[in-house]
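Below is one structure; the comments refer to it alone.
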Amino acid sequence: MSVMEMDSSGEVLENNGPKVQSNPESQEHYVLSSLAEVVERVMSFLPSKALLRAACVCRLWRDCAWRKLKARQRLAWLSSVGAGEMDLGAHSLVQVVKEELEKVHIIPEMFLYFTDSESLNDHGAHCGPKKAKKKHGSETAASLEKLLPKDCEIVGLATPGVVVTPGGSASNPPIELEDGESGFALLFPKINGVKIQKFHFFKDSKNKVFDESKLEEAGLKNNPDLRVVLIFGYNTWKHGATRFLHQVLNPLNEKSIIIAGGQVEYLASFSSQAKTQGTDCIGVVGLALSGPQIQGATVLLDQDVCDEKTADSAMQRLKAANIPEQNSVGLMFACIGRGEQHYKKKNVEADSFRKHFPNVPLFGFFGNGEIGCDRVVSGNFTLRECNGEKDDLLHGYTTVMTIIHFGQTK
């Protein structure tokens with residue numbers, strides 16, 4: 001009789017007889033005692049699309065595949081740095097998603113992506129006489145939608161610059177890309193105990209007062225499980241935008257909720273809603289993250305933070321919140337006036353984050369304004385005394401640095 005066995009590294013061993021263990025508690029090797037165990041062990045190495053195909057083979061494989069898929073609750077990400085080479089008519093992020101989505105080990109239920117706005121402008125960007133004109137953002141959005149599951153929610157935004165962690169490993173050094181073609185996408189699976197809900201509000205030219213009942217419908221008010229709000233304003237250069245942002249943000253300004261985001265160039269995608277409502281007006285989009293297992297912390301690097309030492313001090317305050325690093329993501333929302341021209345050196349803030357969070361991927365953008373403040377949602381830890389006063393959430397020439405934890409995974 002031949003027995004399938006796995007060593008500690010996951011390699012399959014084959015012997016001519018059953019293995020007799022001298023120490024039953026030993027973790028160095030073990031015998032898989034049933035066919036289902038063998039199937040699930042093999043399936044643990046398969047990406048989600050391969051698992052879905054395997055689920056069509058028989059009932060056993062179907063049950064094993066779905067158990068593995070339900071257990072995969074770690075968020076994933078894809079990123080692009082520089083222009084692609086295979087399809088000159090598409091943004092490089094589209095190429096990356098097309099190539100790498102087959103290898104992702106989760107089924108995304110929410111897809112949040114950011115691209116640089118320059119290569120998606122309305123008139124197209126020419127990189128030389130032999131290179132094709134870049135597609136408009138709506139065409140890029142349509143291309144991404146075709147690649148994703150039909151029931152996957154999508155939010156896409158274009159910004160002046162992008163902060164990305166290159167694909168392959170969470171420990172890869174993040175890069176601040178203030179110009180040039182780049183992009184990233186965060187892929188959120190179904191996570192037990194976590195609800196991710198997107199929202200979209202428009203400034204109504206007929207009504208000067210924002211209808212706060214819309215906040216409750218979006219899970220942003222009277223929601224005791226709300227932990228984090230990622231919020232982004234677009235077309236904020238228009239008259240009345242600042243007032244509208246305050247109307248949306250002020251009711252959310254509670255100490256038990258982390259609010260982080262910024263002002264982008266324009267909305268690229270909001271699934272089907274953007275197609276019907278249009279994106280020419282002033283608007284706010286984002287994600288409401290609810291669930292008791294979510295933890296997070298955010299710090300504001302103001303205008304006085306202008307050298308490596310003071311930037312590092314801010315990251316030390318973020319680190320002191322003791323947010324778990326497993327299944328977490330770092331987010332950086334910086335003013336276009338910061339970066340290299342502010343520090344006289346490239347990548348200062350991203351490098352400082354990597355120093356204190358070596359295994360947390362960092363993503364974000366350079367935008368036209370920042371949203372956030374010093375705040376922690378984790379136990380009883382506080383960054384500073386707030387004296388019961390409301391925090392100012394709208395800023396300029398600052399950076400909002402955030403870490404969000406989505407719960408422990410196996």
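The values are calculated or read from the model by the stated rules, or taken from the named source; none is laboratory data. All figures in this text were calculated on a predicted structure; none of them were measured in a lab. Quick reminder, even Gly has a Cβ in these numbers, built from the backbone with ideal geometry, and neighbours come from all protein chains shown. Surface areas here come from the heavy atoms of the whole protein model, side chains and all, with no ligands, DNA or RNA. Shrake-Rupley method; radii C 1.70, N 1.55, O 1.52, S 1.80 Å.
Observations, loosely collected:
- Of residues in the range 194-204 being touching a Phe, Trp or Tyr at 6+ places or on another chain (Cβ under 9 Å) and within 18 Å of GLN295 (Cα to Cα), the one least open to solvent (accessible area, probe 1.4 Å): VAL194
Yes/no per residue for (1) at pLDDT below 95; (2) out of contact with any helix residue (DSSP H, G or I) (no Cβ under 9 Å at 6 or more places or on another chain); (3) open to solvent by 80 Å² or more (accessible area, probe 1.4 Å):
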| site | (1), (2), (3) |
| --- | --- |
| ASN347 | no, no, no |
| PHE357 | no, no, no |
| LEU362 | no, no, no |
| PHE365 | no, yes, no |
| ASN380 | yes, yes, yes |
| ASN387 | yes, yes, yes |
| LEU393 | yes, no, no |
| MET401 | no, no, no |
| GLN408 | yes, yes, yes |
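- Inter-residue pairs, beta-carbon under 9 Å, first without any contact (Cβ under 8 Å) to a residue 24 or more places away in the chain and in the range 250-270, second surrounded by 15 or more Cβ atoms within 10 Å (Cβ to Cβ) and part of a strand (DSSP E or B), 6+ apart: GLU254/LEU226
The rows are residues; the columns are (1) in contact with a Ser or Thr (Cβ under 9 Å, 6 or more places away or on another chain); (2) at pLDDT 90 or above.
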residue: GLU139; (1), (2): no, no
residue: GLU153; (1), (2): yes, yes
residue: GLY156; (1), (2): yes, yes
residue: GLY167; (1), (2): yes, no
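- Hits in the range 143-158 - residues which are open to solvent by 40 Å² or more (accessible area, probe 1.4 Å) and either over 16 Å from the mean Cα position of the chain (by Cα) or free of Cβ contacts under 8 Å to residues at least 12 places away in the same chain (or both): GLU145, LYS146, LEU147, PRO149, LYS150, ASP151
- Breaking point among (1) modelled with pLDDT under 80; (2) open to solvent by 10 Å² or more (accessible area, probe 1.4 Å), for ILE107: (1)
- When ASN235 is tested against the conditions (1) surrounded by 13 or more Cβ atoms within 10 Å (Cβ to Cβ); (2) closer than 30 Å to GLY167 by Cα, the lone failure is (2).
- Test for ALA297: is it within 17 Å of the chain's Cα centre (by Cα) and either of a type in the set (A, V, I, L, M) or at pLDDT 90 or above (or both): yes
- Residue within the range 249-260 that is open to solvent by 40 Å² or more (accessible area, probe 1.4 Å), charged (D, E, K, R), touching a strand residue (DSSP E or B) at 6+ places or on another chain (Cβ under 9 Å) and on the phi < 0 side of the Ramachandran plot present: yes
- Of all residues in the range 42-60, those that are part of a helix (DSSP H, G or I) have Cβ atoms under 9 Å from Cβ atoms of residues that are among the small types (Gly, Ala, Ser) and loosely packed, with under 15 Cβ neighbours inside 10 Å, 6 or more apart or on another chain, in LEU60/ALA36.
- Cβ pairs under 6 Å, 6+ apart, first in the range 317-333 and under 14 Å from THR165 (Cβ atoms), second surrounded by fewer than 18 Cβ atoms within 10 Å (Cβ to Cβ): GLU325/ASN359
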